[in-house]
Amino acid sequence: MHLQIQTSTLNDSCRSLPQDSIVPSDQQVCDCVLLIWREEPATEDIGMDQLLQKVKERYLEWKVSQESLQRILSRHNLYATDEGSLRVYSDKVRIPTQGDKKLTLPRNVTLAECSGEKQRGLFANGYFKQGEAIFDDMPAVVVPPMEKLLLMQTGKACSLCGNSVNHTAHSILMNGLDCGECQAIWCSKNCKKGDITHSSLKHTKSRIKQINLNGWFKYERFCKKNVFEAAYSFGVIYASILIDKNGKEGILDKFQPLCEVSQRLRKQLSDSNNLGGTLDASSGAISSEDPEPMWQEAYKLFRLAFPESEEVTMETYLTYIGKFNINQVAGQIYPTYAFINHDCEPNVRYEIDDKLRLKLYARKPINKGEELLTTYVNPLHGVNLRRRELRVNWGFLCHCNRCKKDLTKRKEQLHAWIAPSHCSPASSFSEQSRRKSSMRSARPDLNELLKNGQEFDLEIPEDLEGVHQKRRTSVRFDNKVSVAVEE
């Protein structure tokens, strides 16, 4: 059977060339490039001419040259031939002084100073075997999920953790899981007991004079509308500290020792305008060219909600916002886990259950005196994406062993792609066959790869045994499809 290759547009629709070209903004260009890099990690190593071609494949109407593309990416800290030109802010991250107060930590770990940029970290007080539980950690303050506020206010979700409540009305009443003054309900007695801010932030009259309920409602609505989760979370934490004025819950002692840095500084040294959603993407932050008006309005409403908070200036407020962002995990502040430093090959992992309890486990054997290391980013990402997310969100360039190996490997690959080939077609085919055969014989275990957080390729079988394929085999490239059809 003879086959021929036909190329057609996806969905049989032809994309026509635009009549008028437009000059894209810097943000549009950078957003496009970051999306290309995220979808195709290998494109971070291609030349500027090839990158420009990929940009134009997506936006035919854009009028942009190779020189302007390189200039835009350099100006927004996305392209640098010299690593020293990349801006970081790790040296601006401050550790608050503790005074005479001692931290309350699990017995099997200790907080100690680290060399280099880390400043401090958690170390093992004993040996941990692989898979062994190290410690449990609960949030300093449980911050109710902002996206579920309406469900919680109408009694359709737990007023604290936001989980669905499956109890019958009779069960809720008999177990005292309802609120006598509003529609709020809780999923358990522990959640009801732990919801210390409910009566002060949700009822018509606050029991704390330092809280203006009308101001809080406006502040909460503003944060939800603008997806300003860090501001909302800090508001809940600040209210909890006021309620816990006697220090019974130790909220201030858990929150105060954590590292802090101004959100304004983080924004200034990010990859500009939160391009590609890199800055604070885990907390759902919205990209904005100029967040200053939003910050100013949020601070104004914060002072309205907490009229006696003279000690919280605008700069202090932004420092607390930055403090929350660099320490939060899944929207919560875990006071012990927050002391653990990053490594792209971590020796610990965590799980968070439906009650927001964080459980830390050893990913590999850990000796006494060894530092506990977690990962702040997805370990399956490529080295450039990992380092960019770390630089933008935590202010440092990672120089761990894995990053060094990956960078060296990428440089070697790039050099191999650029270097001219002197091999004959026959020898090249023979070498390729040997390489494929070697890969098949040394096929890695998928479960092990997932555990170790390493990048890997999946082989797609050419034939599916027992499956009759009537559909045409196709390979998709952007908006075009190449198919093999019978002549």
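The values are calculated or read from the model by the stated rules, or taken from the named source; none is laboratory data. Here the structure is a predicted model, which is why all the values come from computation and not from measurement. No Cβ is skipped: glycine too gets one built from the backbone with ideal geometry, and neighbour counts run over all protein chains shown.
Values for this structure:
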| read-out | value |
| --- | --- |
| Single unsatisfied condition, residue 173 versus (1) within 20 Å of residue 140 (Cβ to Cβ); (2) more than 29 Å from the chain's Cα centre (by Cα); (3) not assigned by TED's automatic domain parsing to the domain that holds residue 243 | (1) |
| Extreme residue, farthest from residue 371 (Cα to Cα), among residues of region 126-169 that are surrounded by 14 or more Cβ atoms within 10 Å (Cβ to Cβ) and polar (S, T, N, Q) | 153 |
| Count - residues of region 378-409 that are hydrophobic (A, V, I, L, M, F, W, C) and in a loop (DSSP other than H, G, I, E, B) | 5 |
| Checklist (1) assigned by TED's automatic domain parsing to the domain that holds residue 370; (2) of a type in the set (Asp, Glu); (3) modelled with pLDDT of 95 or more applied to residue 297, failing item | (1) |
| Residue 164 in contact (Cβ under 8 Å) with a residue 40 or more places away in the chain and closer than 29 Å to residue 239 by Cα | no |
| Matching entry among 360, 397 (being surrounded by fewer than 19 Cβ atoms within 10 Å (Cβ to Cβ), touching a Lys or Arg at 6+ places or on another chain (Cβ under 8 Å) and farther than 19 Å from residue 323 by Cβ) | 397 |
| Every residue from region 214-260 that is outside any helix (DSSP H, G or I) and farther than 16 Å from residue 294 by Cα | 244, 245, 246, 247, 248, 249, 250, 256, 257, 258, 259, 260 |
| Residue 239 vs. criteria in the same structural domain as residue 318 (by TED's automatic domain parsing), in contact with a Cys (Cβ under 6 Å, 6 or more places away or on another chain) and surrounded by 19 or more Cβ atoms within 10 Å (Cβ to Cβ) | no |
| Looking only at region 174-191, and only at residues there that are surrounded by 13 or more Cβ atoms within 10 Å (Cβ to Cβ) and among the polar types (S, T, N, Q), the one that is nearest to residue 164 (Cα to Cα) | 188 |
| Top-ranked residue in region 43-64 [being in contact (Cβ under 8 Å) with a residue 40 or more places away in the chain and aliphatic (A, V, I, L, M); ranked as surrounded by the most Cβ atoms within 10 Å (Cβ to Cβ)] | 64 |
| Matching entry among 100, 136, 91 (being at pLDDT below 90, outside any loop (DSSP other than H, G, I, E, B) and not basic (Lys, Arg)) | 91 |
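Let's see how each residue does on (1) over 30 Å from residue 226 (Cβ atoms); (2) among the small types (Gly, Ala, Ser); (3) not assigned by TED's automatic domain parsing to the domain that holds residue 364:
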position: 110; (1), (2), (3): yes, no, no
position: 126; (1), (2), (3): yes, yes, no
position: 133; (1), (2), (3): yes, yes, no
position: 147; (1), (2), (3): no, no, yes
position: 168; (1), (2), (3): yes, no, yes
position: 180; (1), (2), (3): yes, yes, yes
position: 183; (1), (2), (3): no, no, yes
